[in-house]
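The block underneath contains the structure these notes are about, expressed in structure tokens.
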There are 2 protein chains.
Amino acid sequence: MPHRLLILSANAHQYQEIIERAKLPDIEIQACTSLVQAALISTNVEIVFGEPGLIRSLLPDLPNLAWVQATWAGVEPLLAAGLRHNYLLTNIRGVFGPLMSEYVFGYILFHERRILQRLASQKKQIWDNTPPRTLHNKTIGLLGVGSIGAHLAQTARHFGMKVRGFTRSSEDCEYVDKYYHPPKIIGFADGLDYLVAVLPNTPQTVKIVNHDVLAALDPSALFINVGRGSLVDEIALQRHLQANQIRAAILDVFQNEPLAEGHPFWGMPNVYITSHTAALSDPGETAEIFIKNYNRFIQNEPLENLVLFERGY
Amino acid sequence: MPHRLLILSANAHQYQEIIERAKLPDIEIQACTSLVQAALISTNVEIVFGEPGLIRSLLPDLPNLAWVQATWAGVEPLLAAGLRHNYLLTNIRGVFGPLMSEYVFGYILFHERRILQRLASQKKQIWDNTPPRTLHNKTIGLLGVGSIGAHLAQTARHFGMKVRGFTRSSEDCEYVDKYYHPPKIIGFADGLDYLVAVLPNTPQTVKIVNHDVLAALDPSALFINVGRGSLVDEIALQRHLQANQIRAAILDVFQNEPLAEGHPFWGMPNVYITSHTAALSDPGETAEIFIKNYNRFIQNEPLENLVLFERGY
């Protein structure tokens with residue numbers, strides 16, 4: 001009897017292609033991009049690979065379910081009390097930190113190496129040997145030090161930077177030089193060269209990046225938001241940028257997405273809008289995680305990235 | 001008696017300012033940007049901080065010379081037989097690798113994160129969520145693995161890349177996954193996502209990046225030259241770029257510098273000219289090395305980055 005796999009995701013067909021290429025043994029694959037499709041074929045499904053929000057609705061109809069591999073880190077939809085929890089649940093971990101590092105340091109280096117200015121010089125055939133700035137000895141402040149913040153801290157340390165971390169209370173990342181906790185956010189922000197917001201959206205984090213925090217940064221500072229749009233007082237940020245009180249803002253997330261037509265951010269020369277692309281998980285990488293776990297599953301080995309329902313992660 | 005320091009460098013006044021700010025004990029500082037100035041005040045100088053090429057001419061006039069701190073890595077001008085070698089010589093080391101990493105990965109990320117394309121979308125108020133490419137699992141080839149190549153390898157490994165190294169024979173960098181040696185340069189180049197030239201100029205390296213090497217790269221490859229202009233067959237490179245047989249070239253060095261007005265590279269949309277700025281040593285960092293060593297010098301401690309004349313480094 002082959003293992004019946006249901007792929008339930010907007011990217012289902014892309015995942016299917018990658019998984020079929022891997023020629024896994026004893027597998028029968030069905031790919032659905034919607035719940036309606038999935039409802040028709042869910043009987044006898046033993047394994048589901050897909051988006052937690054979609055899978056949740058299907059749980060009552062999967063009598064043979066043994067294992068769910070989520071395509072995301074966030075499995076909250078599957079944790080709620082009252083849902084069945086009698087299957088193995090694995091998620092995606094450790095891939096968002098590296099992607100966020102590529103994003104954050106890509107934009108920092110883009111500014112410090114003067115890439116745009118050098119391109120402008122090149123157009124005029126000017127041999128522009130204006131020195132770049134280096135990351136070495138600059139100070140980066142991480143507003144939030146979870147697994148993503150920890151990876152950013154490690155990358156910053158690799159580039160010889162000093163790293164400050166702002167957390168509620170935890171101090172467990174070895175790459176953070178100095179920790180700050182509420183209410184000491186101004187001390188944390190004071191003189192930073194780079195401020196990177198990575199916090200989740202909670203009542204405590206709403207508009208945490210406000211006028212006072214922005215005013216504490218170095219005037220040449222870059223502000224980078226890869227957390228949530230709700231973290232930022234957008235009006236205060238707009239004023240600081242328009243008055244050149246900080247150098248630039250690189251914004252991946254906004255209070256309202258997509259950013260509305262006509263929003264002042266679109267036209268500001270010191271705003272970089274990246275349209276929520278900072279850490280899109282790569283379908284190839286996500287499928288690889290499934291493939292690796294499938295091979296463990298059929299050999300009765302423990303699965304990687306197992307989520308414990310009672311712990312929530 | 002204070003220690004008499006002569007700063008002899010085009011950046012002498014900048015160095016002087018930084019060193020004076022450090023309020024070093026027992027020091028008397030004179031800063032000269034030229035040999036003519038220096039000749040007038042060299043008597044009794046005990047310490048020289050400056051450019052080896054300038055210092056060389058002054059050596060016979062420095063009877064009290066005890067220590068030279070070079071502002072560069074290359075101290076060849078001071079090594080020649082026949083020159084006096086009865087003083088401590090220290091140089092700058094280990095700072096070029098990090099700067100080169102900032103340059104190389106700045107330009108790689110600039111391309112993979114589609115920074116220019118996203119800026120163009122922003123001008124049109126388009127919410128452009130085209131996925132970026134990731135560095136993870138890409139393959140970088142380092143043409144030359146000295147101290148700079150080793151730092152690039154370490155940075156590449158940090159970003160989850162596979163690293164190939166091409167060297168005459170050495171295989172001593174732990175961050176290189178696979179080594180290649182002459183004549184196996186095509187095997188080395190085969191399918192690379194990024195080719196970075198870091199070799200010095202020797203008879204064996206002239207035009208080592210030729211038609212065949214470029215043809216072996218992945219069509220989406222970036223070629224980055226931070227070594228010497230002589231490493232590249234510029235005509236072959238131009239043809240490959242014009243035919244889009246590789247994605248782009250990021251060129252810091254050229255056969256003739258500054259690059260001549262009217263050279264086709266200036267106007268090519270897939271060429272990035274950075275005018276020999278990839279690893280300019282930072283005056284602040286260089287002065288810090290002097291300051292640290294001065295404190296060791298006056299406390300009779302061994303100096304850092306000591307060059308052994310008989311060994312040459």
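A few notes on this one:
- Residues that are among the aliphatic types (A, V, I, L, M), surrounded by fewer than 17 Cβ atoms within 10 Å (Cβ to Cβ) and within 11 Å of chain B (Cβ to nearest Cβ) were ranked within segment A:82-120; the one that is nearest to B:Ala249 (Cα to Cα) is A:Leu119.
Every residue, every condition in (1) in contact (Cβ under 8 Å) with a residue 24 or more places away in the chain; (2) under 18 Å from the mean Cα position of the chain (by Cα); (3) more than 19 Å from B:Leu152 (Cα to Cα), yes or no:
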| site | (1), (2), (3) |
| --- | --- |
| B:Gln204 | yes, no, yes |
| B:Val213 | yes, no, yes |
| B:Ser230 | yes, yes, yes |
| B:His263 | no, no, yes |
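- Residues in segment B:7-22 that are buried (at least 21 other Cβ atoms within 10 Å of the Cβ) and either over 18 Å from B:Ile41 (Cβ atoms) or in contact with a strand residue (DSSP E or B) (Cβ under 6 Å, 6 or more places away or on another chain) (or both): B:Ile7, B:Leu8, B:Ser9, B:Ala12, B:Tyr15.
- B:Ile126 being surrounded by fewer than 17 Cβ atoms within 10 Å (Cβ to Cβ) and β-branched (Val, Ile, Thr): yes
- Residue within segment B:41-61 that is within 14 Å of another protein chain (Cβ to nearest Cβ) and buried (at least 17 other Cβ atoms within 10 Å of the Cβ) present: no
- The selection criterion, being under 20 Å from the mean Cα position of the chain (by Cα), under 23 Å from A:Ala278 (Cβ atoms) and surrounded by fewer than 16 Cβ atoms within 10 Å (Cβ to Cβ), does not hold for A:Thr167.
- Close pairs from segment B:162-188: first part of a loop (DSSP other than H, G, I, E, B), partner hydroxyl-bearing (Ser, Thr, Tyr) and at pLDDT below 95, Cβ under 7 Å, at least 6 apart: B:His181/B:Ser169
- Single residue of segment B:272-310 satisfying the filter (at the interface with chain A (Cβ under 8 Å from one of its Cβ atoms) and either free of Cβ contacts under 8 Å to residues at least 60 places away in the same chain or closer than 24 Å to B:Phe110 by Cα (or both)) that is surrounded by the fewest Cβ atoms within 10 Å (Cβ to Cβ): B:Leu280
- Residue in segment A:141-149 that is among the small types (Gly, Ala, Ser), in a helix (DSSP H, G or I) and touching a strand residue (DSSP E or B) at 6+ places or on another chain (Cβ under 8 Å) present: yes
The values are calculated or read from the model by the stated rules, or taken from the named source; none is laboratory data. All of these numbers come straight from a predicted model, not from anything done at the bench. Here the Cβ is made from the backbone with ideal geometry for all residues, glycine too, and neighbour counts use every protein chain on show.
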